[in-house]
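Participant: Let me begin by handing over the structure; questions about it come next.
The values are calculated or read from the model by the stated rules, or taken from the named source; none is laboratory data. From a predicted model like this one, the values you see are computed outputs, not experimental measurements. As a convention, Cβ positions derive from the backbone with ideal geometry for all residues, glycine included, and neighbour counts pool all protein chains shown.
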Amino acid sequence: MNGMSDSNGADQQAVKYKTGSNQYAKRRAELANLPPPPMARPLVAQAERAISPPVRDAKPQGPPTDQTRALGVALQADVPVMLWGLPGIGKTAVIEAWAEAAGAHCEVIIGSQYEPADIAGQPWVVDGELRRLPPEYAARINALPPGRDSVLFLDELDKAPPAVSAAMLRLVRERKVGDITLPARCRVIAAANPPELGGWDLSSPMANRFVHLNWKPSDASIIQGLGTGMWPGVKYEEVDSEQLTECTNRWHGLIAAFLETKPNLIHSFPKDESKQGLAWPSPRTWENVIKLGATCEATGQSPVVLAQLVNGSVGDGPGVEFTTFIRNMDLPFPEAILKDPDKSPIPDRGDKVAAVCHSLASAISGNTTQARLDAGIKYLERVSQQRHADAVLPAMRVILSIVFGGGKYKIPQEDQAQRFVKSLYDCGLGDRTR
């Protein structure tokens, strides 16, 4: 063929593609003015040629249940979800119905049908550089119009061989596929059958990336779905962004105050191998609880929904301890304190004071101005005067690191700085602030 090297002497003129142990040298590109084969095209070009299937008309959805509300909160909070349920119980159907109703593009991956490179991207040399070409599912998602929702559904994840499951680790948490990152509006959901039905146990790193929900629809919801075609709906609740931020700051405080009383639950890796593939406490899953709890609070969800999400993140035992801890935590919001630090109430219990101080520090560090620093200092001084210096300490550390760190802010009065340093000495920090 014109322009192609013969089999004996022109290999030096042909383009070869090699990557480590993967050998693609026998595949030759046409020379001169012809483009390389599709597998060697640049990532962007490959993504641009991906075509998204048309959106179908959405079927009507029935009233949500506590179970579908919990799933909706997890999707809204952008926490990867694992649905555990018996075969045929409707896990796949509810995800596809939600995608249709939301106008979201849905990509389904059944891990048992893939090789690791099919998930993470094929290694290839493009223009002299080693790249990983995105799989078709990733290219299709990346080619969606900006702002379009999408869902990556990892169905039958327990049937995926360990090597394939390992290739999904960055995909689940970071949405990294080869050399590209999937859009922020892409949600990750997985489904699996209970461990007693066979299949591969989830690895502990994979399990710790999810909030785990036991999917067992009620008889009434199944009868309604079969009789009318209207299955319980999954939807996003309306939430104000400022309110969500305020709730997030409060949940930072709640988690920190709880873990100060239960440091053994900060990271509690199960000794029982059968539980390592389920929900267990770690800094990562507590971070998920902050997102889920703040979204629950901002959208007015019931305690039942919150309990499902907390237990599904850190496990039943730690989850029950935490929800019991916060049940009577009627605390002032940090923004209310910053607006009126002289009159805002100070809780009477040490654990409540700790939660308020942690949430105040989170609010100030997330949105720092001199006025907010001044207000925070005033409130913390009032708290420390009521013999709660130990609870004030973490928030004081945050404020001092902001003041002394960048040189942009200051403590307005010298006596305030002296009182802060004295409080630090009283708490046993010595001269660490110098």
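Participant: Under 23 Å from the mean Cα position of the chain (by Cα) and among the aliphatic types (A, V, I, L, M) - does that describe any residue in the range 329-350? Break it down into steps so the answer makes sense when it comes.
Facilitator: First, the residues of the range 329-350 that are under 23 Å from the mean Cα position of the chain (by Cα): none.
Checked the range 329-350: no residue is under 23 Å from the mean Cα position of the chain (by Cα) and among the aliphatic types (A, V, I, L, M).
Participant: I would also like to ask the following. Name, by its number, the condition in (1) over 30 Å from GLY111 (Cβ atoms); (2) surrounded by 12 or more Cβ atoms within 10 Å (Cβ to Cβ) that does not hold for GLU238.
Facilitator: Only one criterion is unmet by GLU238, namely (2).
Participant: Based on what the data block shows, is CYS247 at pLDDT 90 or above and under 28 Å from ALA395 (Cα atoms)? Please lay out each step first, then the result.
Facilitator: Numbers: at pLDDT 90 or above: yes; under 28 Å from ALA395 (Cα atoms): yes.
Yes.
Participant: Looking at the range 234-257, is at least one residue more than 20 Å from the chain's Cα centre (by Cα) and not aliphatic (A, V, I, L, M)? Spell out the reasoning first.
Facilitator: Step one: list which residues in the range 234-257 are more than 20 Å from the chain's Cα centre (by Cα), which gives 257.
Next, only the ones that are not aliphatic (A, V, I, L, M) stay: none.
No, that holds for no residue.
Participant: Separate question: Consider ASP155 carefully, then state whether it is within 28 Å of SER204 (Cβ to Cβ), surrounded by fewer than 22 Cβ atoms within 10 Å (Cβ to Cβ) and among the charged types (D, E, K, R).
Facilitator: Values: within 28 Å of SER204 (Cβ to Cβ): yes; surrounded by fewer than 22 Cβ atoms within 10 Å (Cβ to Cβ): yes; among the charged types (D, E, K, R): yes.
In short, yes.
Participant: Would you check if LYS176 is outside the structural domain of PRO87 (by TED's automatic domain parsing) and either of a type in the set (A, V, I, L, M, F, W, C) or surrounded by 14 or more Cβ atoms within 10 Å (Cβ to Cβ) (or both)?
Facilitator: Numbers: outside the structural domain of PRO87 (by TED's automatic domain parsing): no; either of a type in the set (A, V, I, L, M, F, W, C) or surrounded by 14 or more Cβ atoms within 10 Å (Cβ to Cβ) (or both): yes.
No.
Participant: Next up: Within the range 256-276, which residues are outside any helix (DSSP H, G or I), of a type outside the set (Ser, Thr, Tyr) and under 23 Å from GLY293 (Cα atoms)?
Facilitator: LYS262, ILE266, HIS267, PHE269
Participant: Looking only at the range 312-325, which residues are in contact with a helix residue (DSSP H, G or I) (Cβ under 6 Å, 6 or more places away or on another chain) and either crowded, with 21+ Cβ neighbours inside 10 Å or of a type in the set (Gly, Ala, Ser) (or both)? Give the steps one after another, and end with the answer.
Facilitator: The initial filter retains those residues of the range 312-325 that are in contact with a helix residue (DSSP H, G or I) (Cβ under 6 Å, 6 or more places away or on another chain), namely 313-314, 318-319, 322-323, 325.
Listed by number, the residues that qualify are SER313, VAL314, PRO318, GLY319, PHE322.
Participant: Tell me, which strands (runs of 3 or more DSSP E) wholly within the range 10-122 include 3 or more residues that are modelled with pLDDT under 90?
Facilitator: The strands (runs of 3 or more DSSP E) meeting that bar are 17-19, 22-24.
Participant: Would you please list the contacts, defined by Cβ atoms under 8 Å and residues six or more apart or on different chains, that run from a residue in the range 363-388 that is within 17 Å of ARG349 (Cβ to Cβ) and basic (Lys, Arg) to a residue that is at pLDDT 90 or above and not in a helix (DSSP H, G or I)?
Facilitator: Note: pairs meeting the criteria are ARG382/PRO341; ARG382/ASP342; ARG382/ILE346.
Participant: For the range 183-218, give me each residue that is touching a Pro at 6+ places or on another chain (Cβ under 9 Å), free of Cβ contacts under 8 Å to residues at least 60 places away in the same chain and hydrophobic (A, V, I, L, M, F, W, C).
Facilitator: The answer is TRP200, and nothing else.
Participant: Please count how many residues of the range 296-311 are closer than 22 Å to ALA207 by Cα and crowded, with 21+ Cβ neighbours inside 10 Å. Spell out the reasoning first.
Facilitator: Keep residues of the range 296-311 that are closer than 22 Å to ALA207 by Cα, which gives 305-311.
Keeping just the survivors that are crowded, with 21+ Cβ neighbours inside 10 Å gives 305-306, 308-311.
Summing the residues that are closer than 22 Å to ALA207 by Cα and crowded, with 21+ Cβ neighbours inside 10 Å in the range 296-311 gives 6.
Participant: To continue, here is another question. Those residues that are of a type in the set (A, V, I, L, M, F, W, C), part of a helix (DSSP H, G or I) and over 14 Å from the mean Cα position of the chain (by Cα), I need them from the range 157-198; list them, please.
Facilitator: Restricting attention to the range 157-198, the residues satisfying the condition of being of a type in the set (A, V, I, L, M, F, W, C) are 157, 160, 163-164, 166-169, 171-172, 177, 180, 182, 184, 186, 188-192, 197.
From what is left, the residues that are part of a helix (DSSP H, G or I) are 157, 163-164, 166-167, 169, 171-172, 197.
Result: LEU157, ALA163, VAL164, ALA166, ALA167, LEU197.
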